[in-house]
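Reading through the structure tokens given below for one structure.
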Amino acid sequence: MLASLANTFSNCFKIPELKSRILFTVMVLAIVRLAAVIHIPGLDGAALAAFFESQSKNANSILGLYSMFSGGAMENCAVGALGIMPYISATIIVQLLTAVYPPWSKLAREDGGRTKLIQYGRYLTVLLCLIQGAVMAAGWEHPEAIFHKDIGRLVLYGPNMIWWYRIQTVLILTTGTMLLMWLGEQITDRGIGNGVSLIITVNILARLPAAAQGLHDMFAAVRGVEAQMNFGHGIALFLLLAGVIAGIIALTQAQRKIPVQYAQRAVGRKVYSGGTSFMPLRVNYSGVMPIIFAQAILMFPQYIFTMAGQNLERSQSTGLRFIGDICARLASVLHERSLFYLAVYSLMILFFSYFWVATQFNELQIADDLKKNGGYIPGVRPGQATSDYLHNTMSRITLAGAIFLVIIAVIPQILAYNMGIPYQVAQFFGGTSMLIVVGVLLDTMRQMESHLLMRHYDGFLKKGRLKGRF
């Protein structure tokens with residue numbers, strides 16, 4: 001299998017066009033990684049990087065999630081600290097507004113409408129970068145207010161230059177994100193794979209060396225202290241990783257094929273014969289979005305209750321200290337290691353799976369388009385009956401996909417907070433990281449496969465099964 005996989009990759013470099021696309025993608029991704037290590041002038045990221053390294057076990061926070069998507073650029077105080085997330089957030093907002101705002105819904109169906117919506121997303125990206133850049137600059141200026149710990153002075157400018165630091169930092173962060181957005185579009189046009197997704201993937205994979213070191217420390221005896229894990233644990237972790245990857249591949253590719261029959265129709269003097277095709281409905285239609293939404297929403301209440309509890313418990317008023325104690329208890333209930341958190345987290349993933357399908361999957365429009373083109377689902381009447389059939393079918397397969405998504409999402413939580421595995425290691429056993437990495441790699445390999453098959457080379461597929469991917 002490994003020899004066949006190596007032969008397939010070697011064939012990729014025998015095709016000049018595919019070779020140039022691969023090399024271009026690698027070169028651009030190297031530039032992306034440079035943006036994560038080049039410091040912003042006037043900032044010292046050494047103390048912040050040391051703090052993040054010491055807090056690696058608590059990486060499942062809003063800052064840890066942002067750091068993961070930026071590839072460690074945030075704790076390095078780098079020019080790419082905002083990462084590509086403002087562009088992704090803007091794209092998600094535009095998609096949601098397109099589903100609920102009628103003028104944009106109409107615009108999306110017009111010629112050139114998608115181009116205008118993409119342009120709106122870019123304008124919104126700049127606005128989000130300016131806002132988030134200002135917040136991040138203030139956080140670096142007063143790190144004790146964000147991290148609840150004195151980690152040292154990060155801003156090297158004096159008091160007289162503080163406004164110059166703020167303006168400079170916001171402009172550099174905004175420019176860094178727009179550069180990453182442009183590089184992602186260049187990969188999509190001139191490289192291989194989806195550029196924005198590959199940028200996120202390479203930033204996630206940048207944590208692999210730290211995860212490998214953490215995995216080594218789990219099985220290594222240090223200074224006469226017995227290792228935390230033994231050979232049996234290693235076999236169990238390997239089998240779990242293999243099962244998670246296989247499950248993610250199945251979840252990513254699973255779809256329900258709805259047969260569609262087209263009737264014979266005449267256009268002028270030409271008669272077009274009917275035929276049968278399939279309408280694929282993805283089981284995991286929402287992708288990784290439910291996990292991101294659930295994590296982001298649950299992190300804010302815990303952060304707010306923690307801050308309120310720490311501030312109020314120092315008050316001299318008995319009533320305020322009582323409220324602070326309640327806030328501290330609520331923060332502990334919402335901690336990632338509690339069963340209540342896992343239950344709420346799972347329910348929110350289920351909710352956002354249906355929410356995303358409800359806003360993005362328009363069964364009424366699909367049924368109307370089928371009717372206009374002379375298509376129908378066998379055994380189902382055109383029009384409203386087709387819409388109801390698609391709605392019921394999508395609801396059933398979304399439930400199955402959402403339950404499987406919950407299982408994959410909670411595995412890192414259980415490993416990190418109930419089995420004592422460092423979070424930097426546990427995050428590669430499921431959750432957002434593995435869903436994104438496996439999904440993006442599958443999509444990239446599909447594109448490489450299409451180039452190979454066009455030149456009559458053996459691809460990654462053989463007799464309908466994935467070869468060399470697992």
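Read-outs: derived from the displayed coordinates by stated rules, not from any lab. Predicted, not measured: the structure shown is a model, and the values here were computed from it. Every residue, glycine among them, receives a Cβ derived from its backbone with ideal geometry; neighbour counts consider all protein chains shown.
Suppose every Lys and Arg Cβ carries +1 and every Asp and Glu Cβ carries -1, with no other charges. What dipole size does segment 17-206 come out with about its Cα centre, to the nearest 20 debye? If you can, show how the numbers build up before the last one.
Working: 13 positive and 11 negative charges, 87 e Å.
Computed charge dipole of segment 17-206: roughly 420 debye.
Between His233 and Leu127, what length comes free when the chain is fully extended (0.36 nm per residue of separation minus the Cα-Cα distance, one decimal in nm)? If you can, show how the numbers build up before the last one.
Details: separation 106, 0.36 × 106 = 38.16 nm, distance 4.82 nm.
That pair, His233 and Leu127, stretches by 33.3 nm at full extension.
Apply 1/(1 + (r/R0)^6) to the Cβ-Cβ distance of Trp163 and His335, taking R0 = 45 Å, and write down the FRET efficiency to the nearest 0.05.
Details: r = 39 Å, r/R0 = 0.86.
It comes to 0.70.
Rounded to the nearest 10 degrees, what's the angle between the helix 231-253 long axis and the longest principal axis of the chain, both from Cα atoms, 0 to 90?
Approximately 40 degrees, to the nearest ten.
Work out from phi, with θ = phi - 60° and the Karplus expression 6.51 cos²θ - 1.76 cosθ + 1.60, the ³J(HN,Hα) of each residue of segment 345-354, listed in order in whole Hz, and give x for Gly and Pro.
After applying 6.51 cos²θ - 1.76 cosθ + 1.60, I find 4, 5, 5, 5, 5, 4, 4, 6, 5, 6 Hz.
Given the peptides 419-430, 132-143, arrange them by the average over their residues of other C-beta atoms within 10 Å, most packed first.
Per-residue Cβ counts within 10 Å, averaged per peptide and sorted highest first, yield 419-430, 132-143.
Determine the shape class of the chain: with a ≥ b ≥ c the square roots of the Cα gyration tensor eigenvalues, call it rounded for a/c under 1.5, and otherwise prolate if a/b is greater than b/c, oblate otherwise. Can you show the working numbers first?
On the way: a/c = 1.57, a/b = 1.48, b/c = 1.06.
Prolate, because a/c is 1.5 or more and a/b exceeds b/c.
Pull up the cross-link candidates among the aspartates and glutamates for Lys19, meaning alpha carbon to alpha carbon under 17 Å and not fewer than 8 places away within one chain.
Candidates past the 8-residue exclusion: Asp189, Glu449, Asp458.
Tell me which of Asn76, Gly42, Leu130 sits at the most positive position along the dipole axis of segment 17-206, charges placed on C-beta atoms (Lys, Arg +1; Asp, Glu -1).
Leu130
Compute the length gained on full extension between Arg321 and Glu17: take 0.36 nm times their separation in residues and subtract their Cα-Cα distance, giving the result in nm to one decimal.
Working: separation 304, 0.36 × 304 = 109.44 nm, distance 6.77 nm.
Length gained between Arg321 and Glu17: 102.7 nm.
Do the alpha carbons of any pairs in Lys116/Lys371; Lys106/Lys371; Lys116/Lys257; Lys116/Lys372 sit beyond 23 Å of each other, and which pairs? Walk me through the numbers before you get to the answer.
Values: Lys116/Lys371 28 Å; Lys106/Lys371 19 Å; Lys116/Lys257 32 Å; Lys116/Lys372 26 Å.
Distance filter (> 23 Å) returns Lys116/Lys371; Lys116/Lys257; Lys116/Lys372.
Given contacts defined as C-alpha pairs under 8 Å and at least six residues apart, what's the relative contact order of the chain, whole-number percent?
18
Pairing the Cα long axis of helix 384-417 with the longest principal axis of the chain, what angle in degrees results, from 0 to 90 and rounded to the nearest 10?
30
Can you tell me the orientation of helix 431-454 relative to the chain, as the angle in degrees between its alpha-carbon axis and the longest Cα principal axis, to the nearest 10?
Taking the Cα atoms of the chain, the angle to 431-454 is about 40 degrees.
Given the -39500 (n - 2.57) contribution per DSSP H run of 4+ residues, what per-residue ellipticity at 222 nm results for the chain, rounded to the nearest 500 deg cm²/dmol?
On the way: 19 runs with 315 residues, N = 470.
It lands at -22500 deg cm²/dmol.
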